[in-house]
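Peer 1: Following this message is one structure expressed as structure tokens.
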């Protein structure tokens, strides 16, 4: 009973907040609704017993991706009226993309029902028997059967990260603003200050 | 507790619901009391280090100071700036407070004394603590004022930076314990140091991790020396500038509940949680209930937090970012490799 109630609660909230994402007038509100949608998705994951995925969803999407999203949206001065002006122009394109996504979904479900896809590689790396906890089960599968796919994903992310850094990094030309922290820490009062006792009526020469 | 309610003749679902509700109240109410007292302790320690008296007027030794402050704040008028984004402005302190309380669900206070004994407990804590930044960002943006907005930007950058290194530090602990369940992590620390001492901190590989975890906790909870989000010399009062009355108090409560949580995590992850410090039954260590040990350890860490607040000057923002990304992140990454290599070499997993 509790599960059914929780499922409908999460599902209704998720769909409602997803609708609010595209209908909210303020882009910041949109992002906040999106976060609520992520959160409810995590709740649904917990209900199907995938608590590890649920926690990762919250940590990665809500905790990191959506924060950056919110960050960018807040900084941008988005004019909603100007954005709506191009609605009719982009409408056919939007419909086309929606149709492609629908077709892909149907294809995907059809392929899934036709039988599981075998993405395994080496013969010796058969998936071990199901271990008790969800986390251990994912680990056992990910690091044995799907190890190559996992490593390829890691390499793609690494390349993307290096690419992003290379694209955005601009070495500063001027020396100003560059600090040597070690030098700052090593400084002590003896070399930074001078004690002088000037006579009355005379200035200090440094 | 579910069994107790079931013995009163209730169905399992009702008994479970009532037991959970009772558990929530049993955690949340003492927590609020603890927050009030810990604010008093904070001010007292700070005052003692500054050679002042601190709060000493309301009640014996000023013990009721926090309650007087609470009453004062409660009676104030709630002011919402006319240019503020009203809904989010009101929602922000509620989010902060709720998130600060939600994390306590998985904290084990003693063997078996935990509201939700889930096997991804540590990940849950990480997920919830990554949510706490939203209260600050929403407050800063909704206030529609420049200082709160600066503070919100600082807060989000700061919390994301330190969460990365905290994540890696937690990975080191999890590598040793072999589980994400907080109770099992505590049990794994029994007799960890040569069979005599309980706690991962006495491990040479994990001790540097604890030092970094402690500093990261300071940054994560925005305590001095990393309190750049509310640096009064630069940003008035940061994201709280436009808040008054109970909305301000909710921020305050949430912040201190988070600090207490971090202190407790220090105790649970590195100092053996509810276990006594020594694993020898010479003195009647084991007769003292586990929760007393846990609270004592937590209090010790809170004392250290106050101590740091009274003695260390505030970091500059670029120094803060440098510490997070250029010092803590590489070192914690190195230790993940070191520790997993060491555990593999010594056959930790059998």
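Peer 1: Return only the number of the condition from (1) part of a loop (DSSP other than H, G, I, E, B); (2) touching a helix residue (DSSP H, G or I) at 6+ places or on another chain (Cβ under 8 Å); (3) modelled with pLDDT of 80 or more that residue B:218 does not satisfy.
Peer 2: So residue B:218 meets the others, but not (1).
Peer 1: Please indicate, with yes or no, whether at least one residue in segment B:93-100 is within 11 Å of chain A (Cβ to nearest Cβ) and modelled with pLDDT under 85.
Peer 2: no
Table: residues versus (1) touching a strand residue (DSSP E or B) at 6+ places or on another chain (Cβ under 9 Å); (2) surrounded by fewer than 20 Cβ atoms within 10 Å (Cβ to Cβ).
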site: B:192; (1), (2): no, no
site: B:196; (1), (2): yes, yes
site: B:201; (1), (2): yes, no
site: B:204; (1), (2): no, yes
site: B:207; (1), (2): no, yes
site: B:210; (1), (2): no, no
site: B:216; (1), (2): no, no
site: B:225; (1), (2): no, yes
site: B:229; (1), (2): no, no
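Peer 1: Next question. Could you tell me which numbered condition residue B:304 fails, if it satisfies all but one of (1) under 28 Å from residue B:231 (Cβ atoms); (2) within 14 Å of chain A (Cβ to nearest Cβ); (3) part of a helix (DSSP H, G or I)?
Peer 2: Evaluating residue B:304 over (1) under 28 Å from residue B:231 (Cβ atoms); (2) within 14 Å of chain A (Cβ to nearest Cβ); (3) part of a helix (DSSP H, G or I) leaves (2) as the failure.
Peer 1: Further, regarding this structure: It is to be established whether one or more residues within segment B:314-323 are on the phi < 0 side of the Ramachandran plot and more than 14 Å from chain A (Cβ to nearest Cβ). Give the derivation first.
Peer 2: Quick first cut of segment B:314-323, residues on the phi < 0 side of the Ramachandran plot only: B:314-323.
Filter once more, keeping what is more than 14 Å from chain A (Cβ to nearest Cβ): B:314.
Yes, segment B:314-323 contains at least one residue that is on the phi < 0 side of the Ramachandran plot and more than 14 Å from chain A (Cβ to nearest Cβ).
Peer 1: Scan segment A:53-64 for residues that are in contact with a helix residue (DSSP H, G or I) (Cβ under 8 Å, 6 or more places away or on another chain) and surrounded by fewer than 21 Cβ atoms within 10 Å (Cβ to Cβ) and jot them down.
Peer 2: Those that are in contact with a helix residue (DSSP H, G or I) (Cβ under 8 Å, 6 or more places away or on another chain) and surrounded by fewer than 21 Cβ atoms within 10 Å (Cβ to Cβ): A:53, A:56, A:61, A:64.
Peer 1: Only residues that are more than 9 Å from chain A (Cβ to nearest Cβ) and at pLDDT 85 or above: list them for segment B:123-135, please. Can you show your working first?
Peer 2: First, pick out the residues of segment B:123-135 that are more than 9 Å from chain A (Cβ to nearest Cβ): B:125, B:132, B:135.
Matches in segment B:123-135: B:125, B:135.
Peer 1: In this structure, does residue A:24 turn out to be farther than 30 Å from residue B:15 by Cα, in contact with a helix residue (DSSP H, G or I) (Cβ under 7 Å, 6 or more places away or on another chain), within 14 Å of chain B (Cβ to nearest Cβ) and surrounded by fewer than 18 Cβ atoms within 10 Å (Cβ to Cβ)?
Peer 2: Details: farther than 30 Å from residue B:15 by Cα: yes; in contact with a helix residue (DSSP H, G or I) (Cβ under 7 Å, 6 or more places away or on another chain): yes; within 14 Å of chain B (Cβ to nearest Cβ): yes; surrounded by fewer than 18 Cβ atoms within 10 Å (Cβ to Cβ): yes.
So residue A:24 passes the test.
Peer 1: Please give the number of the condition residue B:118 fails out of (1) at the interface with chain A (Cβ under 10 Å from one of its Cβ atoms); (2) under 18 Å from the mean Cα position of the chain (by Cα); (3) not in a helix (DSSP H, G or I).
Peer 2: That leaves (2) as the condition not met.
Peer 1: Something else: So which residues in segment B:123-163 are more than 23 Å from residue A:75 (Cα to Cα) and touching a helix residue (DSSP H, G or I) at 6+ places or on another chain (Cβ under 6 Å)?
Peer 2: B:123, B:124, B:125, B:126, B:127, B:128
Peer 1: As an exercise: evaluate residue B:111 against (1) in contact (Cβ under 8 Å) with a residue 60 or more places away in the chain; (2) within 12 Å of chain A (Cβ to nearest Cβ) and give the number of the one condition it does not meet.
Peer 2: Answer for residue B:111: the failing condition is (2).
Peer 1: On to the next question. Being touching a helix residue (DSSP H, G or I) at 6+ places or on another chain (Cβ under 6 Å) and within 14 Å of chain A (Cβ to nearest Cβ): is that true of residue B:230 here?
Peer 2: no
Peer 1: So which of A:127, A:103 is away from chain B (no Cβ under 13 Å) and at pLDDT below 80?
Peer 2: So the residue among A:127, A:103 that is away from chain B (no Cβ under 13 Å) and at pLDDT below 80 is A:127.
Peer 1: Looking at the structure I just gave you, is residue B:86 within 14 Å of chain A (Cβ to nearest Cβ) and either surrounded by fewer than 16 Cβ atoms within 10 Å (Cβ to Cβ) or closer than 30 Å to residue B:184 by Cα (or both)?
Peer 2: The answer is yes for residue B:86.
Peer 1: Looking at segment B:136-153 only, could you name the residues that are surrounded by fewer than 24 Cβ atoms within 10 Å (Cβ to Cβ) and either farther than 19 Å from residue A:68 by Cβ or more than 9 Å from chain A (Cβ to nearest Cβ) (or both)?
Peer 2: Those that are surrounded by fewer than 24 Cβ atoms within 10 Å (Cβ to Cβ) and either farther than 19 Å from residue A:68 by Cβ or more than 9 Å from chain A (Cβ to nearest Cβ) (or both): B:144, B:145, B:146, B:147, B:150.
The values are calculated or read from the model by the stated rules, or taken from the named source; none is laboratory data. For clarity, every value in this text was computed on a predicted model and none was experimentally measured. Heads up, the Cβs are rebuilt from the backbone with ideal geometry, glycines too, and the neighbour counts pull from every protein chain shown.
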